[in-house]
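The values are calculated or read from the model by the stated rules, or taken from the named source; none is laboratory data. These numbers were taken from a predicted model, which means no experiment stands behind them. No Cβ is skipped: glycine too gets one built from the backbone with ideal geometry, and neighbour counts run over all protein chains shown.
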Amino acid sequence: MEMLGYTHAHHEYRERLRLFLEKEVTPNANQWEKDHIVPKSAWRKMGAAGFLCTWADKAYGGQGLDFLYSVITAEEMMRTQQTGLVAMLHSDIVAPYIDSFGSEEIKKKYLPGCVSGDCITAVAMTEPGAGSDVASIETTAVEDGDEIVINGSKTFISNGINCDMVIIAARDPAVENKHAAVSLYIVDDGTPGFTRGRHLEKMGMHSQDTAELFFSDCRIPKTNILGKKGDGFMILMQKLQQERLMSAIGSVAGMELTLEGCVAYAKETEINGKPLSKLQSIKFTLAEMATDTRMNRALLDAAIVGHMAGENVIAETMMAKYASSEAGNLMADRALDLFGEYGMLEDNELVRSFRDVRITTIFAGTTEIMKTIIAQSMGL
């Protein structure tokens, strides 16, 4: 049952994007996994084809399209079996900070590059001693005349190597209220005092360039602020709904792809001259996986509808993020069991999915944080 109301234009976009990805991305996925990074040229190709920041206003080079185009892009990217060219992070998590809270000068400077792929973005909140608790960050931002001097370090930053600009959360040490002390600033690649540390080796998401970032007396113009001074915490909280919704979209799309692969394998593989799909135990396993997938799809689509209507669907989004990430991990595990020995081979795409899906219960807020927010919405 279709809940989202896709139009003919949406379906045409999906088909055009799928053809593009089959030609330009999927054939390169294995090499990007080995390289642990995606070449910047791939981002520019995505932009040139019109698949980045599709929501951006035409005044900044965008197309002014609705949120369903972002949903489609996130879903189709999951089919490429790589996580380095992470369009949803760039287009639907980072760039919207610029669109919503940047000055007109900032929008004109950065949004056209975000659309074209010439400006790859990143957001730096996490620190060695502060993850989801943004108010506890130690990175400082001190005013000095017309400049802001930033000192501190960030870690686990996606697009950390490739980024041409990074939105950084930093605090004013002179402000006692730790929530009111946080502001968001833009730091360009090449700014003196901004350096990269380790290109982090991870369990999964190998093609995603994740890095440490360091700021040592890094000076930027005061005009590089997003929103007003002290609004950083509020801005981050305001945008977390969409970030977590995008995470859920990726998780559910991953579940659907895994189910698709498992059903095909069960139909094509024989044991004792009989397809696996004819075995009752396999039928039951696939039926359970299909049911989990459909339930998560229904929960997600309801949250998407509310989000597009401008409603407060924080609790519903947390439910979708929590449920789909946990279910996705379980499904990946069951898929490997279904494939048996073949599920242990590196050339099996499900092995990559098994590694990649593990982080989904952690990033964009852990399962425990999702449960806490859900409980709070219940008055608990």
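Could you count how many residues in segment 218-238 are crowded, with 19+ Cβ neighbours inside 10 Å and either of a type in the set (A, V, I, L, M) or under 30 Å from Ala332 (Cβ atoms) (or both)?
First, pick out the residues of segment 218-238 that are crowded, with 19+ Cβ neighbours inside 10 Å: 218, 220, 224-226, 232-233, 235-236.
Add one more test, that the residue is either of a type in the set (A, V, I, L, M) or under 30 Å from Ala332 (Cβ atoms) (or both), and what stays is 220, 225-226, 235-236.
Here the count works out to 5.
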Residue pairs within 6 Å by beta carbon, gap of at least six or interchain, first lying in segment 195-220 and at positive phi, second part of a loop (DSSP other than H, G, I, E, B) and surrounded by 17 or more Cβ atoms within 10 Å (Cβ to Cβ), listed first then second, are Met205/Thr83
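For Lys45, state whether it is under 26 Å from Ala124 (Cα atoms), out of contact with any helix residue (DSSP H, G or I) (no Cβ under 7 Å at 6 or more places or on another chain) and either β-branched (Val, Ile, Thr) or in a helix (DSSP H, G or I) (or both). Break it down stepwise before answering.
On the way: under 26 Å from Ala124 (Cα atoms): yes; out of contact with any helix residue (DSSP H, G or I) (no Cβ under 7 Å at 6 or more places or on another chain): no; either β-branched (Val, Ile, Thr) or in a helix (DSSP H, G or I) (or both): yes.
In short, no.
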Selection from segment 109-158 of residues closer than 22 Å to Met237 by Cβ, part of a helix (DSSP H, G or I) and free of Cβ contacts under 8 Å to residues at least 60 places away in the same chain yields Ser136
Determine, yes or no, whether Arg244 is among the charged types (D, E, K, R), buried (at least 19 other Cβ atoms within 10 Å of the Cβ) and either touching a residue at least 60 places away in the same chain (Cβ under 8 Å) or part of a helix (DSSP H, G or I) (or both). yes
Might you let me know whether segment 76-83 holds any residue that is surrounded by 22 or more Cβ atoms within 10 Å (Cβ to Cβ), among the β-branched types (Val, Ile, Thr), in contact (Cβ under 8 Å) with a residue 60 or more places away in the chain and part of a helix (DSSP H, G or I)? no
Which of the residues that make up segment 76-98 are modelled with pLDDT of 90 or more and in contact with a strand residue (DSSP E or B) (Cβ under 8 Å, 6 or more places away or on another chain)? Leu89, His90, Ile93, Val94, Ala95, Tyr97, Ile98
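Gln63 - would you say it is without any contact (Cβ under 8 Å) to a residue 40 or more places away in the chain, more than 25 Å from Ile220 (Cβ to Cβ), touching a helix residue (DSSP H, G or I) at 6+ places or on another chain (Cβ under 9 Å) and surrounded by fewer than 20 Cβ atoms within 10 Å (Cβ to Cβ)? If you could, list the steps in order and put the result at the bottom.
Working: without any contact (Cβ under 8 Å) to a residue 40 or more places away in the chain: yes; more than 25 Å from Ile220 (Cβ to Cβ): yes; touching a helix residue (DSSP H, G or I) at 6+ places or on another chain (Cβ under 9 Å): yes; surrounded by fewer than 20 Cβ atoms within 10 Å (Cβ to Cβ): yes.
Yes: the conditions hold for Gln63.
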Those residues that are touching a strand residue (DSSP E or B) at 6+ places or on another chain (Cβ under 8 Å) and of a type in the set (A, V, I, L, M, F, W, C), I need them from segment 186-211; list them, please. Ile186, Val187, Phe194, Leu200, Ala211
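Can you pull out every residue in segment 199-217 that is acidic (Asp, Glu) and buried (at least 17 other Cβ atoms within 10 Å of the Cβ)?
If the condition is that a residue be acidic (Asp, Glu) and buried (at least 17 other Cβ atoms within 10 Å of the Cβ), then Asp209, Glu212 are the ones that fit.
In segment 125-182, which residues are of a type in the set (Asp, Glu) and surrounded by fewer than 17 Cβ atoms within 10 Å (Cβ to Cβ)?
Looking only at segment 125-182, we keep the residues that are of a type in the set (Asp, Glu), and these are 127, 133, 138, 143-144, 146-147, 164, 172, 176.
Matches in segment 125-182: Asp133, Glu138, Glu143, Asp144, Asp146, Glu147, Glu176.
Scan segment 212-219 and tell me whether some residue there is modelled with pLDDT of 95 or more, under 26 Å from Met77 (Cα atoms) and either outside the structural domain of Glu346 (by TED's automatic domain parsing) or in contact with a strand residue (DSSP E or B) (Cβ under 6 Å, 6 or more places away or on another chain) (or both).
Let us first name the residues in segment 212-219 that are modelled with pLDDT of 95 or more, namely 212-219.
From the residues that got through so far, the ones that are under 26 Å from Met77 (Cα atoms) too are 212.
Next, only the ones that are either outside the structural domain of Glu346 (by TED's automatic domain parsing) or in contact with a strand residue (DSSP E or B) (Cβ under 6 Å, 6 or more places away or on another chain) (or both) stay: 212.
Yes, there is a match, as at least one residue in segment 212-219 is modelled with pLDDT of 95 or more, under 26 Å from Met77 (Cα atoms) and either outside the structural domain of Glu346 (by TED's automatic domain parsing) or in contact with a strand residue (DSSP E or B) (Cβ under 6 Å, 6 or more places away or on another chain) (or both).
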What are the pairs with Cβ atoms under 6 angstrom where one residue, in segment 251-265, is in contact (Cβ under 8 Å) with a residue 12 or more places away in the chain and the other, located anywhere, is among the acidic types (Asp, Glu)? Sequence gap at least six, or different chains. Ala253/Glu75
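Return the only residue of Val86, Val38 being closer than 23 Å to Leu350 by Cβ and either touching a Phe, Trp or Tyr at 6+ places or on another chain (Cβ under 9 Å) or surrounded by fewer than 19 Cβ atoms within 10 Å (Cβ to Cβ) (or both). First the steps, then the outcome.
Details: Val86 fails: either touching a Phe, Trp or Tyr at 6+ places or on another chain (Cβ under 9 Å) or surrounded by fewer than 19 Cβ atoms within 10 Å (Cβ to Cβ) (or both).
Step by step, each of Val86, Val38 is checked, and only Val38 is closer than 23 Å to Leu350 by Cβ and either touching a Phe, Trp or Tyr at 6+ places or on another chain (Cβ under 9 Å) or surrounded by fewer than 19 Cβ atoms within 10 Å (Cβ to Cβ) (or both).
Let's see how each residue does on (1) over 25 Å from Tyr6 (Cα atoms); (2) without any contact (Cβ under 8 Å) to a residue 12 or more places away in the chain:
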{"residue": "Thr291", "(1), (2)": "no, yes"}
{"residue": "Asn296", "(1), (2)": "no, no"}
{"residue": "Leu300", "(1), (2)": "no, no"}
{"residue": "His307", "(1), (2)": "no, no"}
{"residue": "Met318", "(1), (2)": "no, no"}
{"residue": "Leu330", "(1), (2)": "yes, no"}
{"residue": "Ala335", "(1), (2)": "yes, no"}
{"residue": "Leu338", "(1), (2)": "yes, no"}
{"residue": "Glu341", "(1), (2)": "yes, yes"}
Looking at (1) within 21 Å of Thr80 (Cα to Cα); (2) modelled with pLDDT of 95 or more; (3) more than 17 Å from the chain's Cα centre (by Cα), find the lone condition where Val305 falls short. (1)
